[in-house]
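Following: one structure in structure tokens, then a few remarks.
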There are 2 protein chains.
Amino acid sequence: MPSERNSRVSRVDRDAIVATALRILDDFGLADVSMRRLASELGVQPSALYWHVSNKQELLAAVADQIVPPAPVLLGEDLSAASVARRLRSALLTHRDGAEVVLSTYALSLGTSPAAAALQAALRPAVAAELRPTVAAAVLQFVLGNASVLQQRLTAVRFGALSGDEQVMTAASDAEFRVGLDALLAGVTRRADPPTARS
Amino acid sequence: MPSERNSRVSRVDRDAIVATALRILDDFGLADVSMRRLASELGVQPSALYWHVSNKQELLAAVADQIVPPAPVLLGEDLSAASVARRLRSALLTHRDGAEVVLSTYALSLGTSPAAAALQAALRPAVAAELRPTVAAAVLQFVLGNASVLQQRLTAVRFGALSGDEQVMTAASDAEFRVGLDALLAGVTRRADPPTARS
DNA sequence: ACCTGAACACCGTTCAAGT
DNA sequence: ACCTGAACACCGTTCAAGT
């Protein structure tokens, strides 16, 4: 049967390329995610990758899609904007240079991303409809800025370009995130309906 | 006189290298700021640059220093935190990929940057002393995130990777910045000195 | 349909050697 | 003191040619 699928399985496919890219990202950082490195880990010539992805930028966009969870996962159970922002930040911090990958390749479609959708849904009771996309974008930008700065510092420490304790730096960033997020959401929902307790 | 200065002026010096790097950044973007490109524009071999700067990262840090204005300029006349943030954002947007340059090379010393100093000074009446560095960092991260996302979009549009109007995108980012900054500062200074009505 | 081989036009950085 | 020349170990991408 000539039209049978799997009659001759290919050495690599798109998913394998994306998965390997994500693994290199986690283990060595964005600087080591090169088409040539990727190809050699997959046991294939660099030019072979271009049958499956059109270029590196498109590949990194697919990696970004893997980093950012779908909207339902971001929303979780409590459906609050604060928890969406926290979950997004955790997802970015889970992968080395995750914030930079998302910021630099995902920025184009940030407005239509699962992160934006989840945030807008969570903002629904507190923020007027026509202001929701703007507020969601602002929150997203704060999360990305906070995570990017932290990961930039962690990378600098790991490369010996900066002295500092990773744990201390992470704790400081956590505090900056909490303070900033609380203020941002309080400022935006200050005409809130029920008296909410801080977490 | 053997010890006379200027007896034989060198072809390039550190300032000329930094100035040329900033010019290439403005005209062509960060991707075009390479040591080889820099050298050829200065009429010198690439290896010559390494007499004046230790590596590319250090060079980009010097470029970042040129992008971020000194604290007195950021503070201006009104001395408000909002205007410091606005002036910093303007400075970042003045140079192509300015936010990325500052975010990626300046992040190490962000806490001791003129931007942080100016912000902390502006926050002085409204925010308690021990919380000021944290709040200043959060504001900085929002400014960097907002400017980075906008410039990433502008770059994508210029390279034809995304359809969109630069003016429209800039206007949207401006609105997101205003809303986010207002909320952030309102949320942070809500326990202001005069008796405020609370809910 | 999928991959190889070879090439093109680049990178950052080092280091002996020149002046 | 400052720069050249040459090299090393890399990049992303294209494209004819193979199977």
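The values are calculated or read from the model by the stated rules, or taken from the named source; none is laboratory data. Predicted model only: the values in this text are computed from it and were never measured. Cβ: placed from backbone, ideal geometry, glycine included. Neighbour counts: every protein chain shown.
What are the pairs with Cβ atoms under 8 angstrom where one residue, in segment A:48-63, is over 17 Å from A:R23 (Cβ atoms) and the other, located anywhere, is of a type in the set (G, A, S) and surrounded by fewer than 17 Cβ atoms within 10 Å (Cβ to Cβ)? Sequence gap at least six, or different chains.
Listed pairs, sorted by first residue: A:Q57/B:A161.
Can you tell me which residues in segment A:43-86 are away from chain B (no Cβ under 14 Å), within 16 Å of DNA strand D (Cβ to nearest atom) and either aliphatic (A, V, I, L, M) or touching a strand residue (DSSP E or B) at 6+ places or on another chain (Cβ under 6 Å) (or both)?
Across segment A:43-86, the qualifying residues are A:V44, A:A48, A:L49, A:V53, A:A62, A:V63.
Can you confirm whether segment A:19-42 contains a residue that is more than 8 Å from DNA strand D (Cβ to nearest atom), out of contact with any Asp or Glu (no Cβ under 8 Å at 6 or more places or on another chain) and not in a helix (DSSP H, G or I)?
yes
Pick from segment B:148-184 the residues that are more than 7 Å from chain A (Cβ to nearest Cβ), among the β-branched types (V, I, T) and within 20 Å of the chain's Cα centre (by Cα): which of them is surrounded by the fewest Cβ atoms within 10 Å (Cβ to Cβ)?
Checked segment B:148-184; the qualifying residue surrounded by the fewest Cβ atoms within 10 Å (Cβ to Cβ) is B:T170.
Working carefully through the options B:T105, B:T94, find the one that is of a type in the set (S, T, N, Q), farther than 22 Å from A:F159 by Cβ and in contact with an Asp or Glu (Cβ under 9 Å, 6 or more places away or on another chain). Spell out the reasoning first.
Values: B:T105 fails: farther than 22 Å from A:F159 by Cβ.
Unique residue meeting the criteria: B:T94.
Answer with yes or no whether A:A64 is surrounded by 13 or more Cβ atoms within 10 Å (Cβ to Cβ) and among the hydrophobic types (A, V, I, L, M, F, W, C). I'd like the intermediate steps shown before the answer.
On the way: surrounded by 13 or more Cβ atoms within 10 Å (Cβ to Cβ): yes; among the hydrophobic types (A, V, I, L, M, F, W, C): yes.
The answer is yes for A:A64.
Please state which of the following conditions A:G145 fails to meet, knowing it meets all the rest: (1) at negative phi; (2) surrounded by fewer than 23 Cβ atoms within 10 Å (Cβ to Cβ).
Single failed check for A:G145: (2).
What are the residues in segment B:42-59 that are near DNA strand C (Cβ under 6 Å from one of its atoms) and of a type in the set (F, W, Y), if any?
The answer is B:Y50, and nothing else.
Can you name the number of the only condition in (1) within 16 Å of DNA strand C (Cβ to nearest atom); (2) away from chain A (no Cβ under 12 Å) that B:H95 fails?
Answer for B:H95: the failing condition is (1).
Can you name the residue in segment A:20-38 that is away from chain B (no Cβ under 14 Å) and within 15 Å of DNA strand C (Cβ to nearest atom) and, of all such residues, is farthest from A:L49 (Cα to Cα)?
Checked segment A:20-38; the qualifying residue farthest from A:L49 (Cα to Cα) is A:D32.
Are any of the residues in segment A:96-104 at pLDDT 95 or above, on the phi > 0 side of the Ramachandran plot and charged (D, E, K, R)?
Yes, segment A:96-104 contains a residue that is at pLDDT 95 or above, on the phi > 0 side of the Ramachandran plot and charged (D, E, K, R).
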